[in-house]
1. Whose amide H sits under 5 Å from the amide H of Asp53, counting only residues 5 or more places off or on another chain, with H placed in the peptide plane?
2. With θ set to phi - 60°, apply the Karplus curve 6.51 cos²θ - 1.76 cosθ + 1.60 along segment 43-56 and write out the HN-Hα couplings as whole Hz, x wherever there is a Gly or Pro.
3. Apply the Karplus parameterisation 6.51 cos²θ - 1.76 cosθ + 1.60, with θ equal to phi minus 60°, to every residue of segment 70-78 and state each ³J(HN,Hα) to the nearest whole Hz, in sequence, with x for glycine and proline.
4. Project the alpha carbons of segment 40-97 onto their principal axes and report the range along each, largest first, in whole Å.
Amino acid sequence: MKNTIIALYFITISFACSNNKQNAVVENKPAEMESSMDNHSQFKPEMVVNTTDFACGMPVSAGISDTCHYEDKAYGFCSAECKAEFQKEPAKYLAAKQ
Ligand SMILES: [Zn+2]
């Protein structure tokens, strides 16, 4: 009987420990997702048809933080400001590139 109580005691402790570990892993996950959301690499240069930011001329391979669709094509921009600039006169920027 004494052995059973001791065994139960250790099972309870190890169960509590493994529970703590699981909680720690779950707590870490949202933080990792948050940091990947902040990372501008969520947009890949191969996802867009332009190789340079139309508004500022920066290569999109340096980092895309915003994209927009124009005539069924995706265009990447380094910033929301550059995207807004392109969206004012997309035809003008596209004509200048051709
Ligand atoms: Zn730009």
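Rule-based calculations on the coordinates, nothing more; no lab input. Computed from a prediction, not measured in an experiment: that's the story for all the values here.
1. Amide H neighbours of Asp53, under 5 Å, 5+ apart: Met58, Val60.
2. Per residue, the Karplus-derived 3J(HN,Hα) values read 9, 9, x, 6, 7, 10, 8, 8, 9, 10, 5, 4, 6, 10 Hz.
3. 9, 6, 6, 10, 9, 10, x, 9, 6
4. Principal-axis extents of the Cα atoms in segment 40-97, largest first: 27, 21, 17 Å.
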